[in-house]
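The values are calculated or read from the model by the stated rules, or taken from the named source; none is laboratory data. Being a predicted model, the structure only gives us computed values, none of them experimental. We place every Cβ from the backbone using ideal geometry, glycine too, and count neighbours over all the protein chains shown. Calculation scope for accessible area: heavy atoms of the full protein, side chains included, ligands and nucleic acids excluded. Shrake-Rupley method; radii C 1.70, N 1.55, O 1.52, S 1.80 Å.
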Amino acid sequence: MREHSLSIPAPERWGEGIVAVPAGGELEVDVRLESVHEGILVSGTVDTRYEGECGRCLREIAAPVEVEFQELFEYPGQETADFEVQDDHVDLETLVRDATVLALPFQPVCQPDCPGLDPVTGERLTESAGAEQQAPIDPRWAALHEFTDQDGSARDRVAPSTEES
C-alpha cells in the first residue's frame, strides 16, 4: 500500500456547465494505492474550487468542492476493463476529472435563497428592493383583488341568507 498527497494544476478547464474548475486551478489530491489480487485499488479525495455564475442572478461565484473516488485498475487480461494498469502505472487523470465534474452543482446559486432576476426589467432582485416593491397583479386575477380589504380579509359581498323551515 502507498499513500500520496499531490498538489497539481488542472491541465484544462473541467466542466461544461455554468460552473467549472478553471484551467490551472489547484487540485489537492490525497490518494491511496492498494495492491489486490485483480489489480490496484485506488481510493482518495480531491479538493479544489469551481468558478462560474449563479444560475439565478448571474453573479460571479466561486466555491470549494470535495470529491471522494474509488476505482479498481485491473491488470491487463482477456476482458477489457474501464481502467487498466499500464506498465506498472495507473493514470488517475480521467478518474479524477470524471469524479470532479460529476460533483459540480447542476444549478449553482450564490446563496440558497437567491431571488434571481426581475422578469420584467432583467435586473437583479435584492431582498431590500423586493420588500419595498409590491409584486404586480396578474391581469387575470385583478378582478378578484377588489374582493379583499387592505388587511387581506374578504368583504361581505353576499347578503346573509335566511332559511325558512
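Points worth noting:
- Proximal charge balance of Gly44 [Cβ under 9 Å; K/R count +1, D/E count -1]: -2
- The modelled label-to-label distance between Ala63 and Glu12, using points 7 Å beyond Cα along the C-beta direction, is 2.7 nm.
- Taken one residue at a time, the phi angles of the stretch 7-13 give Karplus couplings (6.51, -1.76, 1.60, θ = phi - 60°) of 10, 10, x, 5, x, 7, 5 Hz. Gly and Pro are set to x.
- Prolate is the label for the stretch 14-121, because the ratio a/c of its alpha-carbon gyration tensor axes (a ≥ b ≥ c) is 1.5 or higher and a/b is greater than b/c.
- Stretching Val101 away from Arg2 to a fully extended chain increases their span by 33.1 nm, per 0.36 nm per residue minus the current alpha-carbon distance.
- Residues Glu53 and Val120, FRET efficiency given R0 of 25 Å [Cβ-Cβ distance, rounded to 0.05]: 0.75
- Of His37, Val19, Cys57, farthest towards positive along the dipole that unit charges on Lys, Arg, Asp, Glu beta carbons give the stretch 16-69: Cys57
- Exposure of Leu72 as accessible area (Å², to 10), given a probe of 1.4 Å and all protein chains: 50 Å²
- Per-residue surface analysis assigns Thr100 an accessible area of about 0 Å², computed on protein heavy atoms at 1.4 Å probe radius.
- Shown are Glu68, Glu146, whose ranking by accessible area with a 1.4 Å probe and every protein chain present, most to least, is Glu68, Glu146.
- Accessible area per residue (1.4 Å probe, heavy atoms of protein chains only) ranks Glu123, Glu34 as Glu123, Glu34, with the largest value leading.
- Long-range amide H partners of Cys110 with built H, under 5 Å: Gly55, Arg56, Cys57
- For Leu125, the amide hydrogen comes within under 5 Å of the amide hydrogens of Gly116, Leu117, Asp118, counting only partners 5 or more places away or on other chains and with H modelled in the peptide plane.
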